[in-house]
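Each remark here refers to the structure printed beneath this line.
The values are calculated or read from the model by the stated rules, or taken from the named source; none is laboratory data. Keep in mind that this is a model prediction, so the values were computed, not measured. Backbone-built Cβ (ideal geometry, glycine too); neighbour counts: all protein chains shown. Remember, those area values only see protein heavy atoms, side chains included, never the ligands or the DNA or RNA. Shrake-Rupley method; radii C 1.70, N 1.55, O 1.52, S 1.80 Å.
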Amino acid sequence: MRLVTWNVNSLRARLPRVLEFLGEHRPDVLLLQETKCEAEAFPHAELAEAGYVAADHSAGRWAGVAIVARAELGLADVTSGLPGEVVEDEARWIEATVGGELRVASVYVPNGRELDSEWYAQKLVFLEAMARRVGELRAAAEAPELVVAGDMNVAPADVDVYDPAAFVGSTHTSAPERDALQGVVAAGLVDAFRRLHPDDVGFTWWDYRQGHFHRGLGLRIDLILATPAIADRLTRVGIERDYRKGSKPSDHVPLVADWT
DNA sequence: ATGCCGAGACATTCTCGA
């Protein structure tokens with residue numbers, strides 16, 4: 001199984017790179033964030049042409065998440081929205097079952113903007129709601145294997161930040177955010193990249209500004225969280241840095257997990 | 001080499017992103 005998560009920062013702007021990626025890597029599942037399109041404008045036809053089906057949770061110019069799967073696998077039992085999120089239907093959470101046996105969720109955690117802001121408080125509530133939802137899914141009778149992946153907007157540890165001192169007083173590295181993200185993991189998931197790369201720096205996002213990419217100034221905020229049975233079967237977790245280069249890149253790159 | 005913000009919209013400036 002090959003599963004990918006990618007914050008594309010507008011699916012319309014990124015569609016050529018997304019189709020390039022699908023052709024090059026042929027993932028079984030591609031989880032998208034920040035699609036930034038209206039539901040009517042979602043490029044189902046272009047994805048079908050490439051051999052994929054998609055389920056989207058779209059809210060216009062902001063946010064937007066989607067699940068794309070190889071057409072042969074199919075998508076079933078699609079649900080949109082995260083129970084307990086403060087702003088309902090902000091299009092930050094979508095779930096589906098792939099190939100009849102794998103439950104996946106694509107998530108775009110709120111940014112939080114500034115510490116001590118209402119948006120920061122909402123971010124913590126969102127992460128707490130994620131932990132509850134993961135607990136529900138894991139507790140269900142005959143619970144299928146689960147992957148929750150996306151833009152967590154939290155760097156789990158200082159090794160995931162190019163300069164931890166630069167983020168003191170900012171979002172993405174504060175203790176409450178890290179504790180809340182750890183709560184999601186503690187509900188029964190494993191950080192796939194960390195499982196195979198215990199000590200490596202593995203940034204997935206670089207600011208468009210001030211040449212941060214070519215200066216190596218990034219964050220690891222895009223995660224693939226998988227149930228232990230999947231984590232034990234991982235053969236590769238890779239960061240496709242080449243997709244931060246070239247024509248019209250997203251500021252995030254695809255994160256690819258392969259398991260047997 | 002990877003290259004110095006990008007995307008969307010009630011657009012010509014503003015909001016948001018991390």
Normalised Cα Rg of the range A:38-128, dividing by 2.2 N^0.38 Å with N its residue count, works out at 1.20
Could you tell me the largest-minus-smallest coordinate of the C-alpha atoms of the range A:2-259 on each of the three principal axes, in descending order and whole angstroms? 47, 46, 37
Calc'd 3J(HN,Hα), the range A:25-31, phi into Karplus 6.51 cos²θ - 1.76 cosθ + 1.60 (θ = phi - 60°), Hz, glycine/Pro = x, comes to 10, 6, x, 6, 9, 10, 9
Under the Karplus relation with 6.51, -1.76 and 1.60 and θ = phi - 60°, whole-Hz ³J(HN,Hα) for the range A:245-260, x at Gly and Pro, equal 9, x, 7, 6, x, 6, 7, 10, 10, x, 10, 10, 10, 10, 9, 8
Find, among the trypsin sites (Lys or Arg not before Pro) in the range A:1-100, those assigned to loop by DSSP (not H, G, I, E, B) with at most 11 other beta-carbon atoms within 10 angstrom. A:Arg61
For the range A:209-260, just run the numbers: alpha carbon Rg, then divide by 2.2 N^0.38 Å, N being how many residues it has. 1.39
Which residue, A:Phe193, A:Phe203, A:Phe213, has the most motion in a Gaussian network model of chain A that connects Cα atoms within less than 10 Å? A:Phe213
At a 1.4 Å probe radius, which order do A:Glu101, A:Glu90, A:Glu142, A:Glu46 fall into by accessible area, largest first? A:Glu142, A:Glu101, A:Glu46, A:Glu90
Which lysines, on any chain, are close to A:Lys123 with Cα under 28 Å apart, when same-chain ones fewer than 8 places away are left out? A:Lys36
Over chain A, what percent of the accessible surface lies on carbon and sulfur atoms, probe 1.4 Å? 50 percent
Scan the range A:185-227 for trypsin sites (Lys or Arg not before Pro) in coil per DSSP, keeping those whose Cβ has at most 13 other Cβ atoms within 10 Å, and list them by number. A:Arg215
Accessible area per residue in Å² at 1.4 Å probe, computed on the range A:2-259: 42 Å²
Please state the relative contact order of chain A as a whole percent: Cα pairs under 8 Å, 6+ residues apart? 19 percent
Ellipsoid semi-axes in whole angstrom, largest first, where each is sqrt(5λ) of the Cα gyration tensor of the range A:109-260: 25, 21, 13
Solution diffusion estimate, µm²/s, Stokes-Einstein, the range A:48-98, Kirkwood Rh from C-alpha pairs, 25 °C, viscosity 0.890 mPa s: 211 µm²/s
